[in-house]
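K.L.:
Have a look at this one before I ask anything.
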Amino acid sequence: MRHVCLTKEIFPSFFAYFTLPFTKKTIVVLFAPYSPTVVYLWLLRKMKRKVLYMTSWPYWDGKRYAHAPSFLRTYFWNMFLYDVPAVTISQKAREGVMMYGHRVVQIPHGVDISLFTPGKKKEDFTVLFVGRIVPEKGIDDMLAVAHALPEISFVFVGAGPLVEKLWTCGLPNVQYLGEIRDRERLARLYRESHVF
């Protein structure tokens, strides 16, 4: 078991906002679109700090945000992203960030192919979902398909506000396994499933 040294690993993060303006290293930031923190990020850029923005958020249309895209926030995001290199994990996220900046690269998630390999499938045709159990992921649509196709098994893994729907949907072909952090167990579920 790895032990965390409070003074070396956690404590410095509390002072990051004060120490980052003085670093010579590249600062990698992951903030939700239109977060008010963008003013700080913009200031770091004005101080000539090297900043790299990373995001997986695919919705840059002004409709689905944790922080409402007000005029002032939109202005600062425009100013911040204009000339900041950015990395996204999906093409949709890349297209969204490209509306604000021109130095955007898509680097998809990597897969450990020594662990996540093809294998013997379950006898019943199985659809596997692993991720956040939220409306944006199409949970309601998948439950509608499960209702229409009772001969197909649907297995859900993850956590989120729609978990109760999975528990109470009353469909015998829907199974909810909760959150699974054991990579070998997840790899087995992927191997046994026909569709992810």
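The values are calculated or read from the model by the stated rules, or taken from the named source; none is laboratory data. Values in this document were obtained by computation on a predicted structure and should not be read as measured data. As a convention, Cβ positions derive from the backbone with ideal geometry for all residues, glycine included, and neighbour counts pool all protein chains shown. Heads up: the accessible areas ignore ligands, DNA and RNA and are worked out on the full protein's heavy atoms, side chains in. Shrake-Rupley method; radii C 1.70, N 1.55, O 1.52, S 1.80 Å.
K.L.:
Once amide H atoms are built 1.01 Å from N in the peptide plane, which residues 5 or more positions from Lys50, or in another chain, come under 5 Å H to H?
P.N.:
It is Ile27, by chain and number.
K.L.:
On to the next question. If Lys and Arg each add +1 and Asp and Glu each add -1, what is the summed charge of the other residues whose beta carbon sits under 13 Å from the beta carbon of Leu81? Could the numbers behind the result be given before it?
P.N.:
Details: positive: Arg45, Arg73, Arg94, Arg103; negative: Asp83.
Charge balance in the 13 Å sphere: +3.
K.L.:
Follow-up question, since we're still on this one. Over segment 49-163, average the accessible area per residue using a 1.4 Å probe and give it in Å², no decimals.
P.N.:
Working: 6720 Å² over 115 residues.
Accessible area per residue, segment 49-163: 58 Å².
K.L.:
Hey, another quick one. Quick one: with all protein chains in place, what share of the accessible area of segment 142-187 is carbon or sulfur, to the nearest percent (1.4 Å probe)? Let's see the in-between values first.
P.N.:
On the way: 1500 of 2710 Å².
Reported share for carbon and sulfur atoms: 55 percent.
K.L.:
Tell me which GluC sites (Glu not before Pro) from segment 97-177 have a DSSP coil assignment and no more than 15 other beta carbons within 10 Å of their own.
P.N.:
Counting only loop positions with at most 15 other Cβ atoms within 10 Å, the GluC sites (Glu not before Pro) in segment 97-177 are Glu123, Glu151.
K.L.:
Given a cut-off of under 8 Å on Cα pairs at least six residues apart, what relative contact order in percent is computed for the chain? Please list the in-between numbers first.
P.N.:
Working: 276 pairs, mean separation 30.5, N = 196.
Relative CO of the chain lands at 16 percent.
K.L.:
If you don't mind, another one. Where in the chain lies the longest segment free of trypsin sites (Lys or Arg not before Pro) that are both loop residues by DSSP (not H, G, I, E, B) and have at most 14 other Cβ atoms within 10 Å? Could you put the intermediate results ahead of the total?
P.N.:
On the way: sites that count: Arg2, Lys24, Lys25, Lys48, Lys50, Lys63, Arg64, Lys120, Lys121, Lys122, Arg132, Arg181.
In short, 65-119.
K.L.:
Another question, then. Give me Rg over Rh for segment 94-196, both radii from the alpha carbons and Rh done the Kirkwood way, two decimal places.
P.N.:
Values: Rg = 16.2 Å, Rh = 15.4 Å.
Here Rg/Rh amounts to 1.05.
K.L.:
Grab the Cα-Cα distance for Leu171 and Gln106, subtract it from 0.36 nm times how many residues apart they are, and report the gain in nm with one decimal.
P.N.:
Values: separation 65, 0.36 × 65 = 23.40 nm, distance 3.83 nm.
Gain on extension, Leu171 to Gln106, equals 19.6 nm.
K.L.:
Please give the length that would be gained between Arg185 and Ala159 if that part of the chain were fully extended, namely 0.36 nm times their separation in residues minus their C-alpha to C-alpha distance (nm, one decimal). Please list the in-between numbers first.
P.N.:
Working: separation 26, 0.36 × 26 = 9.36 nm, distance 1.65 nm.
In short, 7.7 nm is gained.
K.L.:
Quick one: which residues, 5+ away or cross-chain, put their amide H under 5 Å from the amide H of Ile180? H built at 1.01 Å from N.
P.N.:
It is Gly158, by chain and number.
K.L.:
Which of Lys137/Lys165; Lys122/Lys165; Lys24/Lys92; Lys24/Lys48 have a Cα-Cα distance over 21 Å?
P.N.:
Pairs exceeding the cut-off: Lys122/Lys165; Lys24/Lys92.
K.L.:
Check Val130: other-chain or 5+ apart residues with amide H under 5 Å from its amide H, H built from backbone geometry?
P.N.:
Under 5 Å from the amide H of Val130 lie the amide H atoms of Val157, each far enough along the sequence or on another chain.
K.L.:
Regarding the chain, what are the three Cα extents along the principal axes, ordered largest first, in Å?
P.N.:
60, 44, 29
K.L.:
Using the Cα centre as the reference, give the magnitude of the dipole from point charges on the C-beta atoms of the chain (Lys, Arg: +1; Asp, Glu: -1; all else neutral), rounded to the nearest 20 debye. Write out the running numbers ahead of the final one.
P.N.:
Working: 26 positive and 16 negative charges, 237 e Å.
Result for the chain is approximately 1140 debye, rounded to the nearest 20.
K.L.:
Something else now. Considering only protein heavy atoms, what is the solvent-accessible area of Ser114 at a probe of 1.4 Å, reported in Å² to the nearest 10?
P.N.:
So the heavy atoms of Ser114 present about 100 Å² to solvent.
K.L.:
Something else now. In nanometres, what is the gap between the two model label sites at Thr19 and Phe71, each 7 Å from Cα along Cα-to-Cβ?
P.N.:
A separation of 4.0 nm, rounded to one decimal place.
K.L.:
Pop the C-beta distance of Glu192 and Gln91 into the FRET formula with R0 = 35 Å and round what comes out to the nearest 0.05. The partial results should precede the final answer.
P.N.:
Working: r = 29 Å, r/R0 = 0.83.
With R0 = 35 Å, the Cβ-Cβ based efficiency is 0.75.
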